[in-house]
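*Asks:* Just dropping this structure here.
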Ligand code: UDP
């Protein structure tokens, strides 16, 4: 398994690896699988991955040589999380140099496993589109595991394959090969998509990466079939009927340690002291942040809306993400002190125990950048969303949860929008206030979706869609084994 080097990719890959490990170990029928699972990544990401694995896990970690400084990246720039957004494309491009080391590693594994019985299957990331071709060359089957939902990734693919959008005069348009997604607004294209003309760094990368997807033998999606049919059907169509399995939500179990223990304990103690469904959780994921101006508007809004809140603060856009910082540098004067005194809010620097927060009964709503993992984690716990998409396919994820599923209200769009405190307060109230009809509807829908998501994970007398999806994938992998 080879995830791209970003927490939003690594975390679901690790969660899938753990689920596969459990499933293959527990199969005691004739189909018992003696399976070795390995996760491949670059040196600095290996310890991160290890820290997400239980001590007794049998999952192996394989390191590929990679030196970020060779590619114009900071010396520790091997993960989206440690890079400013402007260098994300540099890491994407640099990752293409992993092709040869990956090929060599696979050749070595195939030699070692050459007992006539074993087969190897590769699960790769959609940002590592070259993996499918390497696998074809060496005769190994492969599947993409998408950490994004099918709707969001489908829109993303279609937008990149139909450039340019710069000259588009219409404010709204349909995607050429994905019309059923509905009308896309020009403001849903991020800066790089809008400016792309085929010769810029993003277009060049996408032109090399996207065609590679057709070399894979199938797609695994970290999504739930019941809420993402439009996107799943799109991928079935464009892959010409290759298998597309919905195996989500693939999440780390709550309590899995992805941050500092002292933060976890403080957050839990504070949440325990708050009434049920009273807390707004605000977090923009592992790599995005908002501008300094937006931070001030959001801080004012959180203070004046009088709701309990947890806010994960990363340095604003343009400031070095790795730099130590004091909150006063970026927040209104006295904000932190007032919040602490009133005990109405908790400000967490950089990284909060998100799944623990979303699964706590005090949490009511999640103001999110609409990263797909965040959405799945929220919906798995029946928490509705306030969307503020920032980049990539997040705009389309926001559209899916608001327009097609009905569990979200979009607050703002993009990193450069003109949003004021009053508008943020109004949207927070719309979703959180007891007496708000829209809020009641959305909160009710979020509970219904939680049941759908739980149903998908049902593993017993009847199996849910996610369990069936993963079993079908394993059967497919085994058929390959017999054929090999
Ligand atoms: N996350 C977390 N604490 C934070 C920020 C992020 O645990 O303070 C986790 C979150 O639970 C999710 C992942 O990091 O699993 C972020 O993935 P997502 O797809 O939502 O967004 P990305 O970071 O890739 O933009």
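The values are calculated or read from the model by the stated rules, or taken from the named source; none is laboratory data. Please read all numbers here as calculations on a predicted model, not as lab measurements. Counting neighbours? That spans all protein chains shown, and the Cβs are built from the backbone with ideal geometry, glycine included.
*Asks:* Mind telling me which of the residues 53, 98, 44 ends up being under 30 Å from residue 317 (Cα atoms) and within 21 Å of the chain's Cα centre (by Cα)?
*Replies:* 44
*Asks:* If you scan the range 334-355, which residues turn out to be surrounded by fewer than 20 Cβ atoms within 10 Å (Cβ to Cβ) and either within 16 Å of the ligand (Cβ to nearest atom) or within 22 Å of residue 372 (Cβ to Cβ) (or both)?
*Replies:* Matches in the range 334-355: 347, 349, 350, 351.
*Asks:* Please pick out the residue among 370, 364 that is closer than 17 Å to residue 187 by Cβ and either touching a helix residue (DSSP H, G or I) at 6+ places or on another chain (Cβ under 7 Å) or surrounded by fewer than 19 Cβ atoms within 10 Å (Cβ to Cβ) (or both).
*Replies:* Only one candidate passes the filter, namely 370.
*Asks:* Here is a further query. Confirm whether residue 83 is within 16 Å of the ligand (Cβ to nearest atom), over 22 Å from residue 353 (Cβ atoms) and free of Cβ contacts under 8 Å to residues at least 24 places away in the same chain.
*Replies:* Details: within 16 Å of the ligand (Cβ to nearest atom): yes; over 22 Å from residue 353 (Cβ atoms): yes; free of Cβ contacts under 8 Å to residues at least 24 places away in the same chain: no.
It is false that residue 83 is within 16 Å of the ligand (Cβ to nearest atom), over 22 Å from residue 353 (Cβ atoms) and free of Cβ contacts under 8 Å to residues at least 24 places away in the same chain.
*Asks:* So, one more: Within 16 Å of the ligand (Cβ to nearest atom) and at pLDDT 95 or above: is that true of residue 366 in this structure?
*Replies:* When the stated conditions are applied, residue 366 passes them.
*Asks:* Among (1) within 16 Å of the ligand (Cβ to nearest atom); (2) part of a loop (DSSP other than H, G, I, E, B); (3) touching a helix residue (DSSP H, G or I) at 6+ places or on another chain (Cβ under 7 Å); (4) closer than 26 Å to residue 262 by Cβ, which single condition is residue 331 missing?
*Replies:* Unmet condition: (1).
*Asks:* Of the conditions (1) away from the ligand (no atom under 16 Å from the Cβ); (2) touching a residue at least 60 places away in the same chain (Cβ under 8 Å); (3) closer than 30 Å to residue 314 by Cα; (4) touching a helix residue (DSSP H, G or I) at 6+ places or on another chain (Cβ under 6 Å), residue 130 clears all except one; give me its number.
*Replies:* Just one mismatch for residue 130, condition (3).
*Asks:* Now for a separate question. Which number in (1) within 12 Å of the ligand (Cβ to nearest atom); (2) out of contact with any strand residue (DSSP E or B) (no Cβ under 9 Å at 6 or more places or on another chain); (3) on the phi > 0 side of the Ramachandran plot marks the one condition that residue 391 misses?
*Replies:* Unmet condition: (3).
*Asks:* Okay, next question. Yes or no: the range 227-247 includes at least one residue that is without any contact (Cβ under 8 Å) to a residue 12 or more places away in the chain and part of a loop (DSSP other than H, G, I, E, B).
*Replies:* Scanning the range 227-247, I find at least one residue that is without any contact (Cβ under 8 Å) to a residue 12 or more places away in the chain and part of a loop (DSSP other than H, G, I, E, B), so the answer is yes.
*Asks:* Right, here's the next one. Any chance the range 5-15 includes a residue that's closer than 20 Å to residue 220 by Cα, within 16 Å of the ligand (Cβ to nearest atom) and either over 18 Å from the mean Cα position of the chain (by Cα) or part of a loop (DSSP other than H, G, I, E, B) (or both)?
*Replies:* There is at least one residue in the range 5-15 that is closer than 20 Å to residue 220 by Cα, within 16 Å of the ligand (Cβ to nearest atom) and either over 18 Å from the mean Cα position of the chain (by Cα) or part of a loop (DSSP other than H, G, I, E, B) (or both).
*Asks:* I would also like to ask the following. Which residue is nearest to residue 364 (Cα to Cα), if the candidates are limited to the range 271-300 and must be in contact (Cβ under 8 Å) with a residue 60 or more places away in the chain, in a helix (DSSP H, G or I) and within 16 Å of the ligand (Cβ to nearest atom)?
*Replies:* Here the residue is 271.
*Asks:* Still on this model: Could you grab me the full set of residues in the range 394-415 that are outside any helix (DSSP H, G or I) and touching a strand residue (DSSP E or B) at 6+ places or on another chain (Cβ under 7 Å)?
*Replies:* Across the range 394-415, the qualifying residues are 407, 408, 409, 410, 411.
*Asks:* Follow-up. Return the only residue of 5, 25 being crowded, with 17+ Cβ neighbours inside 10 Å and either under 22 Å from residue 141 (Cα atoms) or in contact with a helix residue (DSSP H, G or I) (Cβ under 7 Å, 6 or more places away or on another chain) (or both).
*Replies:* 5
*Asks:* Working carefully through the options 179, 229, find the one that is surrounded by fewer than 17 Cβ atoms within 10 Å (Cβ to Cβ) and under 30 Å from residue 122 (Cβ atoms). Write out each step before concluding.
*Replies:* Numbers: 179 fails: under 30 Å from residue 122 (Cβ atoms).
Checking each option against the conditions leaves just 229.
Residue by residue, here is whether (1) under 30 Å from residue 179 (Cα atoms); (2) out of contact with any helix residue (DSSP H, G or I) (no Cβ under 8 Å at 6 or more places or on another chain) holds:
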residue: 84; (1), (2): no, yes
residue: 88; (1), (2): yes, no
residue: 102; (1), (2): no, no
residue: 108; (1), (2): no, yes
residue: 148; (1), (2): yes, no
